[in-house]
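What follows is a short report on a single structure.
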Amino acid sequence: MPLPNGVDPTGTIHPVCPSAGWMGNRGLLHDREGRVVRDWRIRAWITCRPAYKNWSRKPLMQPGKYTELFFLDEATALSAGHRPCAMCRRADYLSFKAHWLSANRFTSDMTAQQMDAKLHIERFNRGTTSEWRQSLQALPAGVFVIWDGVPHLWNGTRLFRWTDTGYVDSLHPEIFTVTVELLTPPSVSKAIRHGYAVQLHPTTSIKTHTAGAYRPGR
C-alpha cells in the first residue's frame, strides 16, 4: 500500500507516495480527519531516515503530531527545499552544512535555525532572481530543472524525467548548452557542486550517496 503525502521536486504535496526512500517534516499540516490542509508550519524543512533507533513512526498522521512526508529520493527532497535532519542524519547534516556554508561563502558558522531562515527565504522566492536561470551544462549532477514544463533530474550528461515511482530517461545531447529554470534552490545547488553527495533513486545512472545516508532497500 502506498504511503501518504508524497512530495515532488517542486515541493508540492500529493496524496500518495508510491516509492519512498526518505521521510520529511514541515510540522503539523493535517487536521483531525487526517487531511493535509496547509503546505508548511515550521521553517525547519528536514529529511529523515524512515527508521531511526527504536522510534516508532506509526501510526502515521497522529492527531496533534507532525505530518509525515515522503520523497522518492534525496535529490527530490533537496529540490523541494528540505535539508538533512540534524538528529537522525547527523553525518549527512554536518556534511551538507559544511558544503553549503563554504559554497555560499558564509564566513561564520550558523545554527540549524539560521540555515533554515535563509533556506526558507530562498524557497519562497523561487524563480525571482537570475540565479534560478542557469546553463544546463554548468549545473552539477544531482539537481533538478524544468524541461518541457516538468521536473527533470540532471546527471551531468543526461536529463531524467521525474515520476513518483522513478526516473524516465529522456534527452537529446544538443540541448546541453540551453538555459533552463533551476528547481533545486541555488544555494543547495552550489553545495552539491561543492561536493555534497546526493542519494538518488536507482532508476538513474548516478550511484553516489553520503557516508551516513539511508540507502533504500538496504
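General observations
- The residues of the range 104-128 that are of a type in the set (A, V, I, L, M) and either under 17 Å from Leu182 (Cα atoms) or within 16 Å of the chain's Cα centre (by Cα) (or both), listed by number, are Met115, Leu119, Ile121.
- Selection count where residues are modelled with pLDDT under 95 and surrounded by 13 or more Cβ atoms within 10 Å (Cβ to Cβ), scope the range 9-30: 6
- Residue list for the range 11-41, restricted to those being touching a strand residue (DSSP E or B) at 6+ places or on another chain (Cβ under 8 Å) and of a type in the set (A, V, I, L, M, F, W, C): Ile13, Val16, Cys17, Ala20, Trp22, Met23, Leu29, Val36, Val37
- Hey, Ser79 in contact with a Pro (Cβ under 6 Å, 6 or more places away or on another chain) and small (Gly, Ala, Ser) or not: yes
- Residue that is farthest from the chain's Cα centre (by Cα) [pool: residues in the range 175-197 that are among the polar types (S, T, N, Q) and under 21 Å from His120 (Cα atoms)]: Ser187
- Looking at Gly81, Gly142, Gly156, just one residue is of a type outside the set (A, V, I, L, M), modelled with pLDDT under 90 and under 18 Å from Tyr196 (Cα atoms), and that residue is Gly156.
- Residue in the range 59-98 that is nearest to the chain's Cα centre (by Cα), counting only those that are acidic (Asp, Glu) and not in a helix (DSSP H, G or I): Asp73
- No other residue among Leu159, Leu94 is surrounded by 21 or more Cβ atoms within 10 Å (Cβ to Cβ), farther than 21 Å from Ile13 by Cα and without any contact (Cβ under 8 Å) to a residue 60 or more places away in the chain apart from Leu159.
- Those residues of the range 17-40 which are free of Cβ contacts under 8 Å to residues at least 24 places away in the same chain and within 27 Å of Val188 (Cα to Cα), in sequence order: Arg38, Trp40
- The strands (runs of 3 or more DSSP E) located wholly in the range 111-200 that include 3 or more residues which are farther than 27 Å from Cys17 by Cβ occupy 133-135.
- Residue count for the range 103-120, restricted to those that are surrounded by fewer than 12 Cβ atoms within 10 Å (Cβ to Cβ) and closer than 13 Å to Gly81 by Cβ: 0.
- Hey, Arg89 buried (at least 24 other Cβ atoms within 10 Å of the Cβ), touching a Phe, Trp or Tyr at 6+ places or on another chain (Cβ under 9 Å), touching a residue at least 24 places away in the same chain (Cβ under 8 Å) and farther than 17 Å from Pro9 by Cβ or not: yes
- Taking the range 1-35 as the range and being under 12 Å from the mean Cα position of the chain (by Cα) and in a loop (DSSP other than H, G, I, E, B) as the test, the residues that pass are Asp8, Pro9, Thr10, Gly11, Thr12, Gly21.
- Residue that is surrounded by the fewest Cβ atoms within 10 Å (Cβ to Cβ) [pool: residues in the range 40-82 that are touching a helix residue (DSSP H, G or I) at 6+ places or on another chain (Cβ under 6 Å) and closer than 22 Å to His30 by Cα]: Arg43
- Among the residues here, Ala51 does not qualify as aliphatic (A, V, I, L, M) and either at pLDDT 95 or above or within 21 Å of Thr203 (Cα to Cα) (or both).
The values are calculated or read from the model by the stated rules, or taken from the named source; none is laboratory data. Given the structure is predicted, the values throughout are model-derived calculations rather than measurements. Glycine gets a Cβ as well: all are built from the backbone with ideal geometry, and neighbour counts include every protein chain shown.
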